[in-house]
Amino acid sequence: MSHTSAYPRSTASVIRAAAVVLFAGAALTVPCIAEDFRVQLDTIHSGYDGIHCWVHPRAGVVPNPNGPPTVVLTMMQLWLKGSDVFGPLNEMRTDDLGRTWSGPHIHADTLGPRSEGPNITVTPNDFTPKWHSRSGRLLAIGQTARYEEKNGVRKLIPVRAREVSYAVYDPVKRTWSPWAILVMPDPVKFYNAGAGSVQRVDLPNGDILLPVYVKTDKAKKGGPVVVLRCGFDGTTLTVKEVGSDVSVPSGREVGRGLGEPSLIQFGKRFHLTLRNDHDGYVASSDDGLHFDPPRSWNWDDGTSLGNYNTQQHWVAHRDKLYLVYTRKGANNDHVFRHRAPLFMAQVDPKRLVVLRATERILVPERGARLGNFGVTEVNENETWVTVAEWMQTWGPNVVMPVNNKYGSNNSVYVARILWKTPAAGEP
């Protein structure tokens, strides 16, 4: 199903859009100042019981030569009284460009937890599906989490191995292959290696540039980001080449290093956006494997963007590059780590700064965080940003009440960026 979502009380002070909000069918359409696109916000699922909430909705496209593509969206339930305690992956699916949705359908047999011994389980999470054109497969890549169960309660193991996990979708049977592990060339360096919440780049020859964040079992803090060049034959993902380390600049080492990287190829350059506890960072490369030193994300006037401890992702369309992000300074001090609203703004690809005048809201805030999201190029006319209201507030054990004053109810949103001018070709 799909139904309308209304903008909250705080939007008027920050959104740079026309004063009139138009309702179109089952969705909210917001005309933007810039004529490049408009945004249609759909709510595809909602409902909150105070115990679990849906998180990490990310979509992939299965092309259909005879009609609209099938869009497969994966997400999982989070146990609210724990820290990143996830259940099996589920999917929602649309065959009519979001007018109707089916699901959630659970895939516990293939995308659920596995036992690793007494009271220890490992489960895939943070998946991002994307169509791999060379093999003609929808390939989802994420990572694993390890839990120990005591007295019926699962908790993350503090010092634990983490792997890059992946699965392949069968669009005929509408099932996923059992999740598998990417074999790394250096088990010491890649003892804790994650590809959760990342954007990858698929090259014309079928190779995949996959950014991962890594640390050894001895590391007390987070480590660098590394881009892997991988091969994929339609079934198995393999590592072919390892790029150089991308680390927080000397003197700025804070917290957990760099994480949740997202990569894009724009023109002849590759750009990497990176999460850090203190700042969001950006780095650039000629080959997608070896990067210039990262720099903090700034506005075009030189001041800080205000993004921290939260992922950012890319959107590209024709000759323009955009960043989707959250930040401080938007009347949002009541939101955990300022992770709402969800903004999008144009990036100067030469200076790698965000153009302040182009900022607009994709998804408004209703008290819940929106920092874990995904970007999907659906066709030449539409790009979707998918996100869910994460119903924890200031820590894993602080749960937002069912009837909270801001109005969030674990809505799963699809912010449809509807381009005025189509792209040159399908993604």
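The values are calculated or read from the model by the stated rules, or taken from the named source; none is laboratory data. Fair warning: this is a prediction, and the values are worked out from it, not measured in the lab. Because the Cβ atoms are built from the backbone with ideal geometry, glycine has one as well, and the counts that use them run over all protein chains shown.
Determine, yes or no, whether Leu289 is closer than 29 Å to Glu380 by Cα, surrounded by fewer than 24 Cβ atoms within 10 Å (Cβ to Cβ) and not small (Gly, Ala, Ser).
So Leu289 fits the description; yes.
From the residues in region 358-391 that are free of Cβ contacts under 8 Å to residues at least 60 places away in the same chain and not polar (S, T, N, Q), which one is nearest to Asp319 (Cα to Cα)?
Selected residue: Glu380.
With the requirement that a residue be β-branched (Val, Ile, Thr) and under 18 Å from the mean Cα position of the chain (by Cα), what does region 51-90 give you?
Once the filter is applied, which keeps residues that are β-branched (Val, Ile, Thr) and under 18 Å from the mean Cα position of the chain (by Cα), region 51-90 yields Val55, Val61, Val71, Val72, Thr74, Val85.
Take region 363-382 and flag every residue that is surrounded by 23 or more Cβ atoms within 10 Å (Cβ to Cβ) and hydrophobic (A, V, I, L, M, F, W, C).
Val363, Ala368, Leu370, Phe373, Val375
Just give me the residues in region 180-193 being in contact with a Cys (Cβ under 9 Å, 6 or more places away or on another chain) and either without any contact (Cβ under 8 Å) to a residue 40 or more places away in the chain or surrounded by fewer than 21 Cβ atoms within 10 Å (Cβ to Cβ) (or both), in sequence order.
none
Which one is surrounded by the most Cβ atoms within 10 Å (Cβ to Cβ) among residues in region 164-179 that are polar (S, T, N, Q) and within 15 Å of Ile141 (Cα to Cα)?
The residue in question is Ser165.
Please determine, by comparing only the residues of region 248-267 that are modelled with pLDDT under 95 and surrounded by fewer than 21 Cβ atoms within 10 Å (Cβ to Cβ), which one is nearest to Arg351 (Cα to Cα).
The residue in question is Pro249.
Under 7 Å between Cβ atoms, at least 6 apart or on separate chains: pull out the pairs that start in region 35-48 with a residue that is aromatic (Phe, Trp, Tyr) and end on any residue that is part of a loop (DSSP other than H, G, I, E, B).
Matching pairs, first to second residue: Phe37/Lys420; Tyr48/Met391; Tyr48/Val402; Tyr48/Asn409; Tyr48/Asn410.
Those residues that are hydrophobic (A, V, I, L, M, F, W, C), modelled with pLDDT under 95 and within 14 Å of Asp217 (Cβ to Cβ), I need them from region 156-189; list them, please.
Within region 156-189, Ile157, Val159, Ala161, Val188 qualify.
Among the residues of region 383-403, which ones are surrounded by 20 or more Cβ atoms within 10 Å (Cβ to Cβ) and in a strand (DSSP E or B)?
Hits for region 383-403 are Thr383, Trp384, Val385, Thr386, Val387, Ala388, Trp390, Gln392.
Take the conditions of a type in the set (D, E, K, R), at pLDDT 95 or above and closer than 24 Å to Leu263 by Cβ and apply them to Arg337. Does it pass?
Yes, satisfied.
Pick out, from region 26-74, the strands (runs of 3 or more DSSP E) lying fully within it that include 1 or more residues that are at negative phi and at pLDDT below 95.
So the answer is 27-31.
For region 271-364, give me every one of the strands (runs of 3 or more DSSP E) that falls completely inside it and has 1 or more residues that are under 29 Å from Val239 (Cβ atoms).
281-285, 313-317, 320-325
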